[in-house]
């Protein structure tokens, strides 16, 4: 029998878990809600499976449970010092600051310094798009991306996402890493003892592998070859260099463990007010025209990115969600350790 997990119960459980690490109740609730929404929208590798590794990062001091975030603003830009905040807290804060800036500006770039793992970048991009703004989000990671012949991983797989309002419909949301597959997919495969497809990764000796654990010890392959590397370089410029701090190049910021990135990373959130450019009516008409043409060309099975997630979220909130057995076991073990039983 398939268990359908109540998302409200899971969110309260995750918030309680983060609370044991010293995260303030309101922020623990915010972080938990972001992970549950990621789970609901199909970002399984960046949903509740991340709770144990985030607890590990909080305990190790890699994430700050009580950050004192601060920012400085100037025309067209904001620098947000996240002070090691969990990404599920810092990301929405960056979006909030950006949306406030759009009240008097057509565009703003928010550089996010010293931020924990942002998780599914499609979530902050969605938040901005739901508020009427075009949004692009990126975060640099420690080097995990290489190509055949490289002696080691050379650059992060540097995920990037965008969200765009679509008047009369759910926003368009597109979220990808610059690798063929996100590292989270390989982490999940390793946890479940499953192989990964050929063409995803190299082992530590630079040879192609389908062994998830060996892939974690090696490097990921870029999507589209040099094209993926080029996009990763763009994100490195925006999320790494423009959000750099004095210790951005330290070893702690540039190593990974089996559970994910160690060390606080830079990111960016770029927001644009569509009405300030083409105008509200022309923007809406153009969006309706090109998306309509796209869907008509694709036939009955065509859909826009983000719309499947919208359906999944609606159904999941009403009916509950499925969780992989390996994830349930990990969450259950964590709950037993902390004395916070996983809700059945």
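Each Cα pair under 8 Å and six or more residues apart adds its sequence gap; the mean of these over the residue count of the chain is a relative contact order of 22 percent. Take the Cα of residue 315, step 7 Å toward its Cβ, do the same at residue 227, and the gap between the two points is 3.0 nm. Can you compute the FRET efficiency between residue 70 and residue 213 using 1/(1 + (r/R0)^6), with r the Cβ-Cβ distance and R0 = 25 Å? Round to the nearest 0.05. FRET efficiency, residue 70 to residue 213: 0.05. Based on alpha-carbon centroids, what's the gap between segment 97-129 and segment 41-70 in Å, whole number please? About 19 Å separates the Cα centre of segment 97-129 from the one of segment 41-70. Build a GNM of the chain with springs between Cα atoms under 10 Å: which of 286, 54, 43 gets the top mean-square fluctuation? So, out of 286, 54, 43, the one fluctuating most is 286.
Could you work out which residue, out of 145, 126, 97, moves most in a Gaussian network model of the chain, that is, has the largest mean-square fluctuation with Cα springs under 10 Å? Result for the chain, Cα springs under 10 Å: 97 fluctuates most. Cα gyration tensor of segment 214-299, axes a ≥ b ≥ c as square roots of the eigenvalues: rounded (a/c below 1.5), prolate (a/b > b/c) or oblate? Oblate is the answer for segment 214-299, as a/c is 1.5 or above yet b/c matches or exceeds a/b.
When each of the peptides 155-163, 318-326 is scored by how many other beta carbons lie within 10 Å of its residues on average, the order from highest to lowest is 155-163, 318-326.
A simple packing score, the average count of other Cβ atoms within 10 Å per residue, orders the peptides 87-94, 278-285 as 87-94, 278-285, with the highest score first. Note on the chain: helix-only mean residue ellipticity at 222 nm, from DSSP H runs of 4+ residues weighted -39500 (n - 2.57) and normalised by residue number, equals -12000 deg cm²/dmol. Calculate I(q)/I(0) for segment 142-280 by the Debye formula, one identical point scatterer on each C-alpha and no solvent, and give its log10 at q = 0.13, 0.18, 0.21 Å⁻¹ to two decimals. For segment 142-280, the Cα-only Debye profile gives -0.62, -1.02, -1.25. In segment 1-45, Cα pairs under 8 Å separated by at least six residues give a relative contact order of 36 percent. By definition, a body whose alpha carbon gyration tensor gives a ≥ b ≥ c is rounded when a/c is under 1.5, and the chain falls into this rounded group. In this calculation the C-beta distance from residue 300 to residue 322 is compared with R0 = 30 Å, giving a FRET efficiency of 0.70. In percent, rounded to a whole number, the relative contact order of segment 142-258 is 27, using alpha-carbon pairs under 8 Å and six or more apart.
Here the peptides 269-275, 72-78, 202-208 are ranked by packing, the mean other Cβ count within 10 Å, and the order with the highest first is 269-275, 202-208, 72-78. Rounded to the nearest 5, the antiparallel percentage of DSSP beta bridges internal to the chain is 85%.
Only the coordinates and a few stated rules stand behind these numbers; no lab work does. Keep in mind it's a predicted model, so treat the numbers as computed, not measured. A quick note on method: Cβ atoms are made from the backbone with ideal geometry, for glycine too, and the neighbour counts reach across all protein chains shown.
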